[in-house]
Amino acid sequence: MPIMKMKSIFIWLLLAPPAFAQESEEPEEPDDAEEIVVTGTRTPRRLGESPVAVEVVDRDAIEASGAEDVADVLDQQTGVVVNRGLFGASVQLRGLNPEHVLILVDGQRVVGRKDGTFDLSRIPADSIERIEIVKGASSALYGSDAMGGVINIITRQSKQPIEGSLHARGGTLTTIDTTAGVGARGRRSGFRFDAGWHNNAAFRLDPESPQTNGNAVWQLQLSGAADTKPNPNLTLRASGSYALQDSTGVELGRSGPLGLRPTSGVELAPTGGIFDRRNVTEDGLIRATADWLFDEQSRFSNTVGVSIYRDQFLWDQRNAGAEDAYEDTRETLVQLTSQLDRVLGGHVLSVGAEGFLSALASPRLGEEGRGNRMRGGLYAQDEWKVLSGSAPLVVVPGVRADGDSWFGGTVAPKLGVRFDPVSNVTLRASAGNGWRAPEFRELLLRFANSAVGYTVEGNPDLRPERSLGANAGLEWVPAESWSISVSGWYDQLRDLIQIGTLEEGPTIRFGYVNVARARTRGLEGSLGMKPVHWLGIDLSTTITDAVDLDLQRPLEGRALLQGTAAIRVDVPVRRGPDLTARAVGFGPRPFYESDGGSEIRVDADPYALVDLKVRQPLDASDTITLFAGVENLLDAGDARYLQTAPRLFYGGLDARLARARDRRTSEISR
């Protein structure tokens, strides 16, 4: 059978409409060992008891996937779209742009977005314990940027008295990934430290062009965390990380180093130059938390965090110097959070306050080249158990008020409901507002490209983007090894910020304006099953209908259909290997290209990304495990609409060292 026909059949099967699924969230261990999640309510909850739907990718799933960074992990999740481009790997939820998805690390905001994109490939998978995903507007708890949802990346902590780990992988495209970690856990304290080195070569998807579609990258990463419990009611935690990344690539000059795409149908003339691009980025994060348990009904938490980001950008035109550029951008965010949780009868009340101080220094921010900003928010939530017993009903109202030194204040309410009519069925529904504050570049940008003949200007009078949406879902666990879920959503968006044409002429003036209105709606279905103890199957499908209401056309780059599939086989023999196959497929995606001053619609071809991995333990306790695999088996990708890395073969090993606590000592200490 021809290869292209095989690809088409595979994509059709992957996108077929039956209800598909994610990995089952039902725990295999006793209830007291069930995973604790925090993102849905900002209060620790067992996953099965959370009134807000939270999707969790745990450590076992991360290791089985073979993913090397957070972007690779999210690539296979239901309803999550990862796009790779000039500014790295970004994520979309519910059909909304990357700037509408709030990214947290251990509950703390991170900085370093470029053109709205936070590069998720900067965070290595080996330093992650789990990832929590909450879809839908969450501004009532988290404030700005949470219009499409929240992704909280939880870093690893030591669980054994002494533990160590080593991960090493090598592959084609000069791929080298190494990470080592060491940690310890005592009766009252523990620590963990991880270090990693990563390298890959650049790649071109068009052999006729000198332009690279993926950068050559080397990256150094360091992270550490420690915690202590000086008394039974007080827990202190501190964590920090540092990453240094050097990436290089080649571009053909068209719109200059800013990489902006006007949405007005105006076509910019190419410069004809070839540019060598280099980015050296550094980002650091430190965080300290203190949790007090006043009594069995009260918890008070305080967190302070600092995020720092620096980007040095070199734009070097070959055989010329007229358009050479060097820019040094620095961003800092200081975050303070306090939250009180109190149990009162059938209520769990949570009230909190947050303060943010941010600063950005860049040669593109007007004449002064810098901007400063203060933000603050007050939020409250009541988790009210209206009915208990065999059919519990929980109602969760919440509201948040925010103030910003640039545009004033805003209020975002939300209401959620959870009902369990029977023990194995859960119904959830919610409705609320979301919003996003304009970024520094949208407010203050001043950039001129004289070689092409345009300028881009910020707008200090921009209003926040806003959304109003609703979600509803059903989860059914008919048996211990089966799980089925179906959910739907509807979001109405207004005051979306886009680049519009302010003035045409010899020099075109572009600027940021609040003009766009949009609507997104869709359905997600998932099925997880384990028909026998050695076989696990997870399938899912997502239908996303995202429309620009002003232009009456689909939003660019959104596929109507997305499907995922994951199959894991633990060969049922002593010390047998386990095999994992994962795939994600997308239907056609609309794009709009300039054609003589007007725009025409172009639909990119459907595609599927398929990954295979096999792991072979060398001993009964999995101290050393060898692995090998292939990413992007079908070699999907094109230079214009799908700039993903070509087929990659790899192999390596994982080594673990852990000394478990003596059971008798543990029982005595309790």
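The values are calculated or read from the model by the stated rules, or taken from the named source; none is laboratory data. Treat the numbers as computed from the prediction; the structure is a model and nothing was measured. When we count neighbours, we look across all protein chains shown, and the Cβ atoms used for this are built from the backbone with ideal geometry, even at glycine.
Of the residues 392, 397, the single one that is in contact with an Asp or Glu (Cβ under 6 Å, 6 or more places away or on another chain) and farther than 22 Å from residue 144 by Cβ is 392. Remark: pairs (first residue in region 450-467, assigned to a loop (DSSP other than H, G, I, E, B); second residue at pLDDT below 85 and among the hydrophobic types (A, V, I, L, M, F, W, C); Cβ separation under 6 Å; 6+ apart in sequence or on different chains) = 452/268; 458/444; 458/445.
Only a single item in (1) at pLDDT 85 or above; (2) hydrophobic (A, V, I, L, M, F, W, C); (3) buried (at least 19 other Cβ atoms within 10 Å of the Cβ); (4) closer than 30 Å to residue 554 by Cα is not met by residue 470, and it is number (3). Does residue 367 qualify as being modelled with pLDDT under 90 and not small (Gly, Ala, Ser)? Criteria met by residue 367.
Among the residues of region 90-99, at least one is crowded, with 24+ Cβ neighbours inside 10 Å, among the small types (Gly, Ala, Ser), in contact with a Lys or Arg (Cβ under 8 Å, 6 or more places away or on another chain) and under 21 Å from residue 485 (Cβ atoms). Checking each residue in region 541-597 for being at positive phi and under 23 Å from the mean Cα position of the chain (by Cα) picks out only 557.
Among the residues making up region 500-520, those that are in contact (Cβ under 8 Å) with a residue 60 or more places away in the chain and crowded, with 18+ Cβ neighbours inside 10 Å are 508, 510, 512, 520. Suppose the filter is surrounded by fewer than 20 Cβ atoms within 10 Å (Cβ to Cβ) and in contact (Cβ under 8 Å) with a residue 40 or more places away in the chain; does residue 568 pass it? For residue 568, the condition - surrounded by fewer than 20 Cβ atoms within 10 Å (Cβ to Cβ) and in contact (Cβ under 8 Å) with a residue 40 or more places away in the chain - is not met. Identify, from the list 371, 366, the residue that is within 17 Å of residue 326 (Cα to Cα) and either touching a strand residue (DSSP E or B) at 6+ places or on another chain (Cβ under 8 Å) or touching a residue at least 40 places away in the same chain (Cβ under 8 Å) (or both). From the options 371, 366, the qualifying one is 366. From the list 235, 212, 228, pick out the single residue that is touching a strand residue (DSSP E or B) at 6+ places or on another chain (Cβ under 9 Å), among the hydroxyl-bearing types (Ser, Thr, Tyr) and assigned to a loop (DSSP other than H, G, I, E, B). Of the residues listed, the single one that is touching a strand residue (DSSP E or B) at 6+ places or on another chain (Cβ under 9 Å), among the hydroxyl-bearing types (Ser, Thr, Tyr) and assigned to a loop (DSSP other than H, G, I, E, B) is 212. Within region 636-651, restricting attention to residues that are modelled with pLDDT under 95 and in contact with a Lys or Arg (Cβ under 6 Å, 6 or more places away or on another chain), the residue that is surrounded by the most Cβ atoms within 10 Å (Cβ to Cβ) is 644. Listed by first and then second residue, the pairs linking a residue in region 312-325 that is in contact (Cβ under 8 Å) with a residue 60 or more places away in the chain and surrounded by 15 or more Cβ atoms within 10 Å (Cβ to Cβ) to a residue that is assigned to a strand (DSSP E or B) and not aromatic (Phe, Trp, Tyr), with Cβ atoms under 6 Å apart and 6 or more places separating them unless they lie on different chains, are 323/317. Residues of region 342-354 that are surrounded by 15 or more Cβ atoms within 10 Å (Cβ to Cβ) and not hydrophobic (A, V, I, L, M, F, W, C): 342, 350, 352, 354. Just one of the listed residues (364, 436, 400, 446) is touching a Lys or Arg at 6+ places or on another chain (Cβ under 9 Å) and closer than 25 Å to residue 544 by Cα, and it is 436.
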